[in-house]
Amino acid sequence: MSKKSLSILILLVAAWVPTTSGGPGPQRREVAITFDDLPVISTLKDDESLKEITDKLLATFKQSKTPVTGFVNEVKLYPNDKLDPARLALLKEWLAAGLELGNHSYSHHSLNSTPLPEFEADVLRGETLTRGLVAQRKDQLRYFRHPFLHTGSSIETRDQFESFLHSHGYAVAPVTIDNSDWIFARAYDNARDANDTAAMKRVADAYVPYMEATFAYFENQSMKLFGREIKQVLLVHANAINADHFKDLVAMCRNAATDSLRLKMH
């Protein structure tokens, strides 16, 4: 599949699930993987550590053949209010890996508490460098992800902002599997910063089962709401725990697809 044909619903896991005779045809289970807060969100701030986290993530994506869309906060490129070329290079690494970048606003403010004109200006500021990097690869900046998933304190604000996005060539990147990976990430970072490897392991050991339960919850909700499994969109963050353990999350997703196939066959 070419990069230009890659939609926001990117295939990660697909299982053809047989159904009883007379029922609907086979169902393909899909989940798009999206990463927020690029280039990296971490208690570590040195360029070497941020590159290590990025390189681990990209290596996992390549090894598992997982297409990903990453959403950028350009404020992270300016430690001490000065552009850091090493951090900008991390975004170039994402693009060089054949992955897509989107806009997550410059400052990661909430639309629920930020005046709309100020928020719109922050969105445009958030594409200052990213749009150029994407254009260098003969591509376009297509998706916007709301910080905190806040879409505005009123329907009018939401609709006005979506009209603004459309006029600037953006589509909203939705989320159907929300979670608190950031809590695990902070606990993981804190344990690492304290050189407590045992605590890091405890956090990591709890992370994938938590995500598995989260997937199950939202898949169950889709059945209740729509009577079918919908195409899902997972939100996680570019952090150390995912750098070290996202491969386990990918394996969990693929095992879940296999388990569902087995359950349907019995």
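The values are calculated or read from the model by the stated rules, or taken from the named source; none is laboratory data. This is a predicted model, so every value here is computed, not measured. All Cβ positions, even for glycine, are placed from backbone atoms using ideal geometry, and neighbour counts span all protein chains on display. When the accessible area is computed, the model is the full protein with side chains, heavy atoms only, and any ligands, DNA or RNA have been set aside. Shrake-Rupley method; radii C 1.70, N 1.55, O 1.52, S 1.80 Å.
Structure above, values below:
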{"quantity": "Solvent-accessible surface ranking, highest first, for H166, H150, H245 at 1.4 angstrom", "calculated": "H166, H150, H245"}
{"quantity": "Dimensionless Rg over Rh [the stretch 29-106; C-alpha; Kirkwood]", "calculated": "0.97"}
{"quantity": "L141 accessible area, 1.4 Å probe, all protein chains in place, Å² to nearest 10", "calculated": "10"}
{"quantity": "Charge dipole magnitude, Cβ of K and R +1, D and E -1 - the stretch 72-206, Cα centre, debye nearest 20", "calculated": "420"}
{"quantity": "Largest-first ordering by accessible area, 1.4 Å probe, given options E48, E127", "calculated": "E48, E127"}
{"quantity": "Relative contact order (%) - the chain, alpha-carbon pairs under 8 angstrom, separation at least six", "calculated": "26"}
{"quantity": "Residue-by-residue Karplus 3J(HN,Hα) for the stretch 128-141, coefficients 6.51, -1.76, 1.60, Hz, glycine and proline x", "calculated": "3, 9, 4, 4, x, 4, 5, 5, 4, 9, 6, 10, 10, 8"}
{"quantity": "Solvent-accessible surface (1.4 angstrom probe) belonging to T157, in square angstrom, nearest 10", "calculated": "30"}
{"quantity": "Cut-off under 5 Å, modelled amide H: who pairs with H237 long-range", "calculated": "D36"}
{"quantity": "Distance between modelled label sites at D193 and I155, nm, 7 Å Cα→Cβ extension", "calculated": "4.4"}
{"quantity": "Farthest positive-ward along the chain dipole, Cα basis, beta-carbon charges - from F184, N242, I230", "calculated": "I230"}
{"quantity": "Accessible surface, the chain, averaged per residue in Å² (probe 1.4 Å)", "calculated": "51"}
{"quantity": "Long-range amide H partners of Y143 with built H, under 5 Å", "calculated": "N103, A171"}
{"quantity": "Environment charge at T60 (Cβ cut-off 11 Å; Lys +1, Arg +1, Asp -1, Glu -1)", "calculated": "+1"}
{"quantity": "Accessible surface of the stretch 120-266 [probe 1.4 Å, protein heavy atoms]: carbon and sulfur percent", "calculated": "55"}
{"quantity": "Packing-based ranking, highest mean first, of 52-58, 120-126 given that Cβ atoms within 10 Å are counted", "calculated": "52-58, 120-126"}
{"quantity": "In sequence order, calculated HN-Hα J values of the stretch 148-156 (Karplus, 6.51, -1.76, 1.60; Hz; x Gly/Pro)", "calculated": "6, 6, 7, 9, x, 7, 8, 4, 5"}
{"quantity": "The chain: calculated mean residue ellipticity at 222 nm from DSSP helix runs of at least 4, using -39500 (n - 2.57)", "calculated": "-16000 deg cm²/dmol"}
{"quantity": "Nearest-20 debye value, the chain charge dipole, Cβ charges on Lys, Arg, Asp, Glu", "calculated": "1060"}
{"quantity": "Over 25 Å (Cα to Cα) - which of K62/K224; K92/K231; K82/K247; K92/K247; K92/K201; K138/K247 fall in this group", "calculated": "K62/K224; K92/K231; K82/K247; K92/K201; K138/K247"}
{"quantity": "Residues whose placed amide H lies under 5 Å from that of E100, excluding near-sequence neighbours", "calculated": "V68, G70"}
{"quantity": "Cut-off 15 Å between beta-carbons: net charge of the residues surrounding K45, Lys and Arg +1, Asp and Glu -1", "calculated": "-3"}
{"quantity": "Paramagnetic label zone (point 7 Å from Cα along Cα-to-C-beta, L225; backbone N under 14 Å) in the stretch 170-198", "calculated": "174-179"}
{"quantity": "Karplus-derived HN-Hα couplings along the stretch 45-52 (A = 6.51, B = -1.76, C = 1.60, θ = phi - 60°), whole Hz, x at Gly and Pro", "calculated": "10, 6, 4, 4, 5, 5, 5, 4"}
